[in-house]
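Here the structure comes first, spelled out in structure tokens, and everything after it is commentary.
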């Protein structure tokens, strides 16, 4: 912090795959299991897609 102002910040995103989430959260594994032909079938596949973008 310089002169009372923030000069840098780090922002992160968490991905809930199969861990319990609060009522307002989203569990991706449960959502994808309801799809007739899910395009993402594992956390590894999701990570590969995320890093490719």
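Bear in mind that the values in this text are calculations on the coordinates, not laboratory data. Worth saying up front: this structure is predicted, and the values here are computed from it rather than measured.
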Original post:
222 nm [θ] for the chain, helices only, -39500 (n - 2.57) per DSSP H run of 4+, per residue, to 500?
Top reply: -8000 deg cm²/dmol
Original post:
Between the helical axis of 43-52 and the dominant principal axis of the chain, each derived from Cα atoms, what acute angle in degrees is found, rounded to the nearest 10?
Top reply: 50 degrees
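Looking only at Cα atoms, what is the convex hull volume of the chain per residue, in Å³?
So the per-residue hull volume is 131 Å³.
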